[in-house]
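Every read-out reported here was derived from the displayed coordinates using simple, explicitly stated rules and does not represent laboratory data. Computed from a predicted structure; not experimentally measured. Counting neighbours? That spans all protein chains shown, and the Cβs are built from the backbone with ideal geometry, glycine included.
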Protein chains: 2
Amino acid sequence: MKFSKATDYALHALVYMIHRDGERTKIPVQDLSLALNVSTTYLSKVLTRIVKANYISSTSGAKGGYRLQQNWENVSVYDIVVAIDGVQTLFEDSFDHGEECRIQAAMMEAQENLISTLKNKRLKDLTV
Amino acid sequence: MKFSKATDYALHALVYMIHRDGERTKIPVQDLSLALNVSTTYLSKVLTRIVKANYISSTSGAKGGYRLQQNWENVSVYDIVVAIDGVQTLFEDSFDHGEECRIQAAMMEAQENLISTLKNKRLKDLTV
DNA sequence: CCAATTATAGATATTATAAATCTATTATAT
DNA sequence: ATATAATAGATTTATAATATCTATAATTGG
């Protein structure tokens, strides 16, 4: 019952990017990799998912790198979690006790509270 | 990012026991195993943890089995989760950004909301 | 005491998933 | 053309959850 390390890496990478955003410069994965002490290949693989989700952009080649999208301030922590881990169910009921299963319902409710907290946290909140 | 199957099994076993509690009879793992379609050995291993946590009692030997403790109505879903999975942190920050790390803080807050929801759900609520 | 029943413990095996690496490929700037 | 940088796919490694197996201890009833 854990968030993935990949999500951790992604969030820290994003915070780093935000702090350097004044420069409006593309940041190569090498920089991020150095800052976070995570291998370039793996971090790149992680960030590619954030690119796919359109929260950052990427450009290949010399002077390329990753850059925040304009709308980054509206991106929530939950958005990043989903971009990395996909939509997860915290609880997979092994038994088919149908819709009215109270155990399922209780877990769902807890999960909803977890998610809504993360939806209300924006990347901006992590950096101000 | 999931609760364990073991927790699922434990909760369903407990609900089953509660439904049969009128009899005040010891329920052998064999019965539970049949009801849930989980192997006796594994289920037993799971339930032993609930015994250790003192939410049910067990007696070995013929006519033995598991029985709810008197205080079962006050046991929360979170109590069971902890009895099975231990106290978990939903998020393990790989970086030591100290106490004031906002990412860590955001995840913690979300986790707290998850936990408090489960603390407020009692086994009783799963069965009434 | 004996036989049957039942929980527990410890070791081990199995499976699943996350984490990470490696190699090759594609794109871009100079 | 060359150096730089992201991406993709295959593969490996690590870790944890799930499950089984075997042996042991406790209890009941004859």
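Exposed loop positions in chain B were taken to be GluC sites (Glu not before Pro) whose DSSP state is not H, G, I, E or B and which have at most 14 other beta-carbon atoms within 10 angstrom. Between these positions, the longest stretch is B:1-91.
Projecting the Cα positions of B:Ala53, A:Asn37, A:Phe91 onto the charge dipole of the protein assembly as shown (unit charges on Cβ atoms of Lys, Arg, Asp and Glu, taken about the Cα centre) puts A:Asn37 furthest along the positive direction. Spatial offset of the stretch B:31-89 relative to the stretch A:7-36 amounts to 47 Å, using the alpha carbon center of each. When only the Cβ of Lys, Arg, Asp and Glu is charged (+1, +1, -1, -1), the dipole of chain A relative to its Cα centre reaches about 900 debye.
Placing a label point 7 Å from Cα along the Cα-to-Cβ axis, A:Ser57 is separated from the same position in the other copies by 7.0 nm, shortest listed first.
Rounded to whole Å, the principal axis extents of the Cα atoms in the stretch B:1-113 read 57, 27, 20, largest first.
Helices in the protein assembly as shown, meaning DSSP H runs of at least 4 residues, each add -39500 (n - 2.57). Divided by all residues, the mean residue ellipticity at 222 nm is -16000 deg cm²/dmol.
Taking amide H as placed 1.01 Å from N in the peptide plane, the amide H of A:Gln69 sits under 5 Å from that of A:Ile56, A:Ser57, each at least 5 places away or on another chain. For the stretch B:8-60, applying the loop criterion from DSSP together with a ceiling of 12 other beta carbons within 10 Å to the trypsin sites (Lys or Arg not before Pro) yields B:Arg24. Rounded to the nearest 20 debye, the dipole magnitude of the protein assembly as shown is 400 debye, with +1 charges on Lys and Arg beta carbons, -1 on Asp and Glu beta carbons, and the Cα centre as origin. Ranked from shortest, the separations from the 7 Å Cα-to-Cβ label point of B:Glu112 to its equivalents in the other copies are 2.2 nm. Normalised radius of gyration (Cα atoms, divided by 2.2 N^0.38 Å) for the protein assembly as shown: 1.26. Beyond 20 Å in Cα-Cα separation lie the following of the pairs A:Lys2/A:Lys121; B:Lys2/B:Lys119; A:Lys52/B:Lys2; A:Lys26/A:Lys121; A:Lys5/B:Lys2: A:Lys52/B:Lys2; A:Lys26/A:Lys121. Ranked from shortest, the separations from the 7 Å Cα-to-Cβ label point of A:Gly86 to its equivalents in the other copies are 2.8 nm. Basic side chains Lys and Arg get +1 at the Cβ, acidic Asp and Glu get -1 at the Cβ, and with that the dipole of the stretch A:37-95 about its Cα centre reaches some 500 debye.
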